[in-house]
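Participant: Below: one structure in structure tokens.
The values are calculated or read from the model by the stated rules, or taken from the named source; none is laboratory data. No experiment lies behind these values; they were computed from the predicted model shown. FYI the Cβ positions are ideal-geometry reconstructions off the backbone, even for glycines, and counts take in every protein chain you see.
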Amino acid sequence: MGKQEDFVLRALEERDVRFVRLWFTDVLGFLKSVAVAPAELEGAFDEGIGFDGSAIEGFARVYEADMLAKPDASTFQILPWRGEGPSAARMFCDIEMPDGSPSYADPRHVLKRTLSRAADRGFTFYTHPEIEFYLFKNTPEAGEEPVPVDRSGYFDHTAQSKGADFRREAISMLESMGISVEFSHHEGGPGQQEIDLRYADALTTADNIMTFRTVIREVALGQDIWASFMPKPYTTHPGSGMHTHVSLFEGDQNAFYEAGAQYQLSRTGRQFIAGVLRHAPEISVVTNQWVNSYKRMMFGSEAPSYICWGHNNRSAMIRVPMYKPNKGQSTRIEIRTIDAACNPYLAYAVVLAAGMKGIEEDYELPREAEDDVWSLSERERNALGIDPLPKNLNDAISIAERSELLAETLGEQVFDFFLRNKRSEWDEYRGQVSAFERDRMLPVI
């Protein structure tokens, strides 16, 4: 065992930890957990904890069910919501096969593999997510519209605000787990919040997002309210995205920065943008993986509907933020398609793979979109060469099924399961009779 494992074993004793929760994520992005006693942890570090992989979405077929969860000691944190008395802690796991080889169905491994390919070319991938979500007064019941906790709007400061109290408690809990928060505020929808996590390498960020979702739900339940990362819970209010600022570093140098270039954006940065734009339709099924995701992107506002980039243009899919003098290290791009309900490991893997493809094959960056893209007519967008993103999950699946980039990045097992699951979701959705149809047709037909 290494120093980190020794540190964890000492911390268990010093902090009176009685339960250690081993966390991992299934292919669809749902958190899984198994609790072990501290006495079992030394064996878990050496050999892993066995479980039935065939019982986890997309992990294994019945005849190859045996799998191991191997805790990553660097992710050890005390869980702050357990209250008084003995503590509980958590660690993320890497999933292995019985022979010790990595499981190709493990989303964390998919991201680690993609990061390793970028590292082979000298790059480290950094991400900074802005995570939006809604708070409801009630636990949503089938067929009922949820009631928001407030009627505030963007950046509103309201006395005795439920949202402000919630954000304060949630941020304290996140920071007690080593997750640094940069900003927080009320978003545009009633009851809608945004909390932005500080820059970190993409693997740490993906782990932090999984922890973030759990913390947000725990704090909400503790305040007798309900938190949801659903991309579009209301027809008439904004959806919840996860705009992510990304950059590549070569050692200590920001590979996206070039002094004197347009927007101080280097050739590497421009190629990266070109790669993400060219492959945007293929990776959409991962960055926007639910039927509901495409409702968020239908009507403009803060969510992109078209494949384009722009300088400080919030209608564009990729935005190049304003350059700050003497802050070349902060040069970055903002990808605005990703929503808050994605699997962050897979989403960051496919974004990185698309950007790296642009660098490796020297893609040319298309013309910048200077106008509000939503206000243009279809003819004007066609003249500018601005194509639409997939309009629904079915379109996204059909494009993804033909994608070599996606198959290579996800690996055969994840690619196959993920698309079969999405196809099943679409088929189930299109067979549903909605309230819209009943309200429109029953009175007149």
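Participant: Within the stretch 306-351, which residues are in contact with a Phe, Trp or Tyr (Cβ under 7 Å, 6 or more places away or on another chain) and small (Gly, Ala, Ser)?
Facilitator: Residues satisfying the conditions are SER315, ALA316, GLY328, ALA340, ALA341.
Participant: Could you figure out which of (1) part of a helix (DSSP H, G or I); (2) of a type in the set (A, V, I, L, M, F, W, C); (3) in contact (Cβ under 8 Å) with a residue 24 or more places away in the chain isn't true of ILE95?
Facilitator: All conditions are met except number (1).
Participant: So, one more: Step by step: first the residues of the stretch 198-228, then only those that are surrounded by 23 or more Cβ atoms within 10 Å (Cβ to Cβ) and either touching a Pro at 6+ places or on another chain (Cβ under 6 Å) or without any contact (Cβ under 8 Å) to a residue 12 or more places away in the chain (or both), then the one that is farthest from SER74 (Cα to Cα). Which residue is that?
Facilitator: Per the criteria, the residue is ILE209.
Participant: Go through the stretch 414-445 and count every residue that is within 24 Å of ALA396 (Cα to Cα) and surrounded by 10 or more Cβ atoms within 10 Å (Cβ to Cβ).
Facilitator: 17
Participant: Between ARG151, ARG167, which is at pLDDT below 80 and either part of a helix (DSSP H, G or I) or under 17 Å from TRP226 (Cα atoms) (or both)?
Facilitator: Numbers: ARG167 fails: at pLDDT below 80.
The conditions single out ARG151.
Participant: Hey, could you check the stretch 16-71 for residues that are touching a Ser or Thr at 6+ places or on another chain (Cβ under 8 Å) and surrounded by fewer than 13 Cβ atoms within 10 Å (Cβ to Cβ) and say which is farthest from LYS112 (Cα to Cα)?
Facilitator: ASP16
Participant: Still on this structure, please answer the following. Filtering the stretch 286-313 down to residues that are surrounded by fewer than 20 Cβ atoms within 10 Å (Cβ to Cβ) and charged (D, E, K, R), which residue is modelled with the highest pLDDT?
Facilitator: Only one residue tops the list, namely LYS295.
Participant: Report the residue count in the stretch 9-52 for those that are in contact with a Pro (Cβ under 8 Å, 6 or more places away or on another chain) and among the hydroxyl-bearing types (Ser, Thr, Tyr).
Facilitator: Number satisfying all stated conditions: 1.
Participant: For the stretch 359-383, enumerate the residues that are among the hydroxyl-bearing types (Ser, Thr, Tyr) and surrounded by fewer than 17 Cβ atoms within 10 Å (Cβ to Cβ).
Facilitator: Of the stretch 359-383, the ones among the hydroxyl-bearing types (Ser, Thr, Tyr) are 363, 375, 377.
Listed by number, the residues that qualify are SER375, SER377.
Participant: Scanning the stretch 314-334 for residues that are of a type outside the set (A, V, I, L, M) and outside any loop (DSSP other than H, G, I, E, B), which turns out surrounded by the fewest Cβ atoms within 10 Å (Cβ to Cβ)? Walk me through how you get there before you give the answer.
Facilitator: First, the residues of the stretch 314-334 that are of a type outside the set (A, V, I, L, M): 314-315, 319, 321, 323-332, 334.
Now restrict to residues that are outside any loop (DSSP other than H, G, I, E, B): 319, 328-330, 334.
Values: ARG319: 21, GLY328: 16, GLN329: 13, SER330: 17, GLU334: 19.
Per the stated criteria, the residue is GLN329.
Participant: Oh, and also: Take residues that are under 20 Å from MET298 (Cα atoms) and tell me which of the helices (runs of 4 or more DSSP H) falling wholly in the stretch 364-445 contain 2 or more. Reasoning before the result, please.
Facilitator: On the way: elements: 378-383, 393-400, 404-410, 412-430, 435-441.
Per the criteria, 378-383, 393-400, 412-430, 435-441.
Participant: So ALA347 passes all but one of these: (1) over 27 Å from ARG296 (Cα atoms); (2) assigned to a helix (DSSP H, G or I); (3) at pLDDT 95 or above. Which condition number does it fail?
Facilitator: If we test ALA347 against (1) over 27 Å from ARG296 (Cα atoms); (2) assigned to a helix (DSSP H, G or I); (3) at pLDDT 95 or above, just (1) comes out false.
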